[in-house]
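Single-structure report; data block below.
The values are calculated or read from the model by the stated rules, or taken from the named source; none is laboratory data. Everything numeric here is computed off the predicted structure, so don't read it as measured data. Cβ placement follows ideal geometry from the backbone for every residue including glycine, while neighbour counts extend to all protein chains displayed.
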Amino acid sequence: MTTSSFAAGAYASMQGIGASGLLKKPAGIAGAGGAAAGMPDFSSLVGKALESTAQTARAADVQAANVAAGRSDIVDVVTAVAESEAAIETLVAVRDRVIAAYEEIMRMPV
């Protein structure tokens with residue numbers, strides 16, 4: 001039960017990311033130095049990812065407060081915490097990949 005609702009939330013999140021254009025391949029990139037007009041830069045993508053992760057953590061906190069006040073079920077808290085944990089793990093994995101890519105670039109001969 002919790003797994004299906006967690007999966008549904010993850011799929012909805014990914015659909016939202018795809019709909020906002022973050023996962024779409026830019027059509028107008030010409031060469032290595034070209035930038036597509038209207039495409040977000042890397043810092044804004046990272047900022048959006050951080051804000052999304054923080055938002056899922058806040059939602060988990062709200063659910064925990066609701067259970068403490070008797071307004072919600074414990075299953076909702078477990079689901080919110082699992083979604084928050086998945087978002088944090090994803091963010092850490094992306095961070096690790098960016099650092100690895102940076103280190104690989106720094107090892108390249110000039």
Handout entry: In the range 46-78, the residues that are within 30 Å of residue 99 (Cα to Cα) and of a type in the set (Val, Ile, Thr)
Key = 46, 53, 56
Problem - Unmet criterion (only one of (1) at pLDDT 60 or above; (2) on the phi > 0 side of the Ramachandran plot) for residue 91 - result: (2)
Handout entry: Boolean, residue 72 is at pLDDT below 95 and outside any helix (DSSP H, G or I)
Key = yes
Handout entry: Which numbered condition residue 43 fails, given (1) at pLDDT below 95; (2) over 15 Å from the mean Cα position of the chain (by Cα); (3) loosely packed, with under 14 Cβ neighbours inside 10 Å
Key = (2)
Completion exercise
For the range 35-53, pairs from a residue that is of a type in the set (Gly, Ala, Ser) to a residue that is at pLDDT 85 or above, with Cβ under 8 Å and 6 or more apart or across chains, are 49/91; 49/94; 52/87
Practice task
Select from the range 55-103 the residues that are hydroxyl-bearing (Ser, Thr, Tyr) and loosely packed, with under 12 Cβ neighbours inside 10 Å and list them in ascending order.
Solution key: 102
